[in-house]
1. Filter the range 151-196 down to residues that are over 15 Å from the mean Cα position of the chain (by Cα) and more than 26 Å from I324 (Cα to Cα), then give me how many there are.
2. Six or more apart or on different chains, Cβ atoms under 7 Å: show the pairs whose first residue is in the range 103-114 and without any contact (Cβ under 8 Å) to a residue 40 or more places away in the chain and whose second is of a type outside the set (S, T, N, Q) and surrounded by fewer than 16 Cβ atoms within 10 Å (Cβ to Cβ).
3. Give me a count of the residues in the range 41-64 that are part of a helix (DSSP H, G or I) and surrounded by fewer than 21 Cβ atoms within 10 Å (Cβ to Cβ).
4. Go through the range 13-68 and give me each residue that's more than 30 Å from L274 (Cα to Cα), of a type in the set (F, W, Y) and touching a helix residue (DSSP H, G or I) at 6+ places or on another chain (Cβ under 9 Å).
5. Out of the range 318-335, which residues are crowded, with 20+ Cβ neighbours inside 10 Å and more than 17 Å from S131 (Cβ to Cβ)?
6. Please find, among I35, I17, I31, the residue that is surrounded by 15 or more Cβ atoms within 10 Å (Cβ to Cβ), part of a helix (DSSP H, G or I) and modelled with pLDDT under 90.
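The values are calculated or read from the model by the stated rules, or taken from the named source; none is laboratory data. Everything numeric here is computed off the predicted structure, so don't read it as measured data. As a convention, Cβ positions derive from the backbone with ideal geometry for all residues, glycine included, and neighbour counts pool all protein chains shown.
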Amino acid sequence: MSFIKKNGLGILICFIISIPAWFFGKYFPVIGGPIFAIIAGMLIAIPWKNRQAFDSGIKWTSKVILQSAVVILGFGMNLGVIIKIGGESLPIIITTITTSLLIAYFLHKAMKIDGNIATLVGVGSSICGGSAIAATAPVIDADDSEVAQAISVIFFFNVIAAIIFPLIGNLIGFDTTSGHAFGIFAGTAVNDTSSVTAAASTWDSMWNLGSETLDEAVLVKLTRTLAIIPITLGLAIIRQRKNNKEDSEGSINREVRENKNEFKLKNSFPMFILYFIIAAIITTISVSLGVSDSIFTPLKSLSKFLIVMAMAAIGLNSNMIKLIKTGGKPILLGASCWVGITLVSLLMQKLLHIW
């Protein structure tokens, strides 16, 4: 009862915002529900004063609901199918992810961009947009304004990609009798799943391919999404070691210092990622035993709705004026990652004779 009293109002306002955002996302998939939710939250936050009764629930939603959404997302992943069908795209996925992370790292150093922003934009660009940011944010202790800024940057280039990638595909000579080449291109070079599906569906419509391109792009995208696991784990380990080093340098007691410097996987591993892996394993085993993967569809929908709800909370906790004033460098970083991924994806497909 005390939990409801403390957090109920904040959770409720996030839920109310997420309902129309969810439906708008259905009608405008290029934008997607999470973007509508975060924009609505940011606009509501500007004039909203005296919100102390809501703050606790809003913060709880932005953290706990976000992590829960990532865990439930695991139920939509059949590891066997993704690995089998995504095998051809794996070299492209690895090179594009590496490219984006390296660009983010070097620009973070060269332009003195905030470390959390650089990490979120780099991971969001290279893996799967909002879902990757959702998984990474709690691992690196990113605050809501940092998450909102990264989401906004990713959204901007998502929209551009969804609109111009079909035109680029046609201009450079992708096969129009098959969705294979463009499906791999969309699955490896477009940031967020909503825009991947929008670009792939456009290509199918342009050349009357049914859902051939869409199916290919989604499977490649799911393979790419699996990179959330090693990257978030790696970031957790790096952060834990950094924290241990800082604690030990500020410690006076030698025994306490030694205990803090001792690396512990339990402290480094974000438990919600473990639950995410378990969910994916359950899905894989169930499907291999003959259970229809459609049984997990409601859970996938629930995960997407919870992400929308969490984005509403993040929007409410964000300072829109500050985001606009400080958005120049993150946008340049996002543009660099996006262009780098696009060029490397096309180059790798050419080298692998996919087009």
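1. Residues flagged as over 15 Å from the mean Cα position of the chain (by Cα) and more than 26 Å from I324 (Cα to Cα) within the range 151-196 amount to 22.
2. Matching pairs, first to second residue: none at all.
3. 12
4. Those that are more than 30 Å from L274 (Cα to Cα), of a type in the set (F, W, Y) and touching a helix residue (DSSP H, G or I) at 6+ places or on another chain (Cβ under 9 Å): F23, F24, F28, W48, F54.
5. The answer is S318, P330, L333.
6. Matching residue, one of I35, I17, I31: I35.
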